[in-house]
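One structure below.
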Amino acid sequence: MPVDTAVAAVLGYARGRRPLWFRSFDQPQGHWVALPAFGWTRFDTLTTGPNGDDDVLLGEGLHGRLDRPGWSDVRRALTDVAPLAAAAEERAGGLPFWELPDDQLSVLGEPGTVGAAFREIDRASGDHPGHVRAVLHHQRPALVPHLTRSTRRALLPHSHEGDLGVEAVVHRELRANAETFAQLEDRVATLLGDARPARLRLHDILLWLATTLRLTHAVALGTATPEWERHLGTRPAVTSR
């Protein structure tokens, strides 16, 4: 994916709006309002806490509202996986996900690997694993990948023999495109200012947009923003000869 396309897609994800016909007590006939089209303001710009109610809200920001039993399930799962996430962090030894040695995400490196901790997290995530992964990623944005059903399905065909999970595919893609994602991190943080997503989150956003057929719409929304004009204005000029 060209860098400009990736920048436009992330801008659209962050700044894009969608129309909603809304009826209220003071305007019962209804009127149009503009809401955020994606989850940026419900997730990326918010702070995280120690596995409390606010963290469950973060999961809802990306994966939808929970009923009362669902809320209890996620709270319980977050308590159960907290030591596993801490173990993954300890095993990483301060390295971000994309700098981990390959054997940390391979069955050949077991036991005691980061990938093994991710597998145990998935097993202990209850009935709402997407909500749990969203919270864990928000707490450790440079280490824990955020995965959904659609992105897992997209990554699965690219798995290699010996991979502990689809996290290994994300690891290879980030390693192979390290310079591009480093540029994207800096560009997005400079243009938006309200959040600085690490490359794990940027990869997640782009993959989710592509796998859910929202990429074209996000790019169109992004190229209509003031931030896009700023991006174009800061690119190196191309001179004709």
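Observations
- Charge tally in the Cβ shell below 10 Å around Arg175, where Lys, Arg are +1 and Asp, Glu are -1, Arg175 excluded: -2
- Using θ = phi - 60° and Karplus 6.51 cos²θ - 1.76 cosθ + 1.60, couplings along region 217-225 (whole Hz; Gly, Pro as x): 5, 5, 4, 4, 5, x, 6, 9, 9
- Extension reserve of the Leu46-Arg230 stretch, reckoned as 0.36 nm per residue once the Cα distance is removed: 63.8 nm
- Neighbours of Leu136, meaning other residues whose beta-carbon lies under 13 angstrom from its beta-carbon, give a summed charge of -4 when Lys and Arg score +1 and Asp and Glu score -1.
- Here's the picture: a label point sits 7 Å out from the Cα of Glu110 along the beta-carbon direction, and within region 151-177 the residues with their amide nitrogen under 20 Å of it are 156-172.
- Full extension of the segment from Asp102 to Arg65, taken as 0.36 nm per residue of separation minus the current Cα-Cα distance, would add 9.7 nm.
- Under a 5 Å amide H cut-off, with hydrogens placed 1.01 Å from N, Leu143 pairs with Phe97 among residues at least 5 apart or on other chains.
- Calculated FRET efficiency for the pair Thr5/Asp194, C-beta based, R₀ 25 Å, to 0.05: 0.70
- Packing-based order for 4-12, 95-103, 70-78, 203-211, using average beta carbon neighbours within 10 Å, highest first: 4-12, 203-211, 70-78, 95-103
- Note on Gln183/Gln27: beta-carbon distance plugged into 1/(1 + (r/R0)^6) with R0 of 51 Å gives a FRET efficiency of 0.65.
- Pairwise FRET efficiency - His160 versus Ala220, Cβ, R0 = 30 Å, nearest 0.05: 0.30
- Counting charges near Arg152 (Lys, Arg +1; Asp, Glu -1) among other residues having Cβ under 12 Å from its Cβ returns a value of 0.
- Prolate/oblate/rounded call for the chain, Cα gyration tensor, a/c under 1.5 rounded: oblate
- Using 0.36 nm per residue and subtracting the Cα-Cα separation, the extra length available between Arg18 and Thr79 on full extension is 18.4 nm.
- In whole percents, the pair-distance distribution calculated for region 120-221 from its alpha-carbon pairs, binned every 10 Å from zero, is 14, 44, 36, 7, 0.
- Highest to lowest packing among 35-44, 155-164, 170-179, scored as the average C-beta count within 10 Å: 35-44, 170-179, 155-164
Computed from the coordinates by the stated procedures, all read-outs in this text should not be read as laboratory data. Bear in mind that the values here come from a model prediction, so they are computed numbers and not experimental data. Quick reminder, even Gly has a Cβ in these numbers, built from the backbone with ideal geometry, and neighbours come from all protein chains shown.
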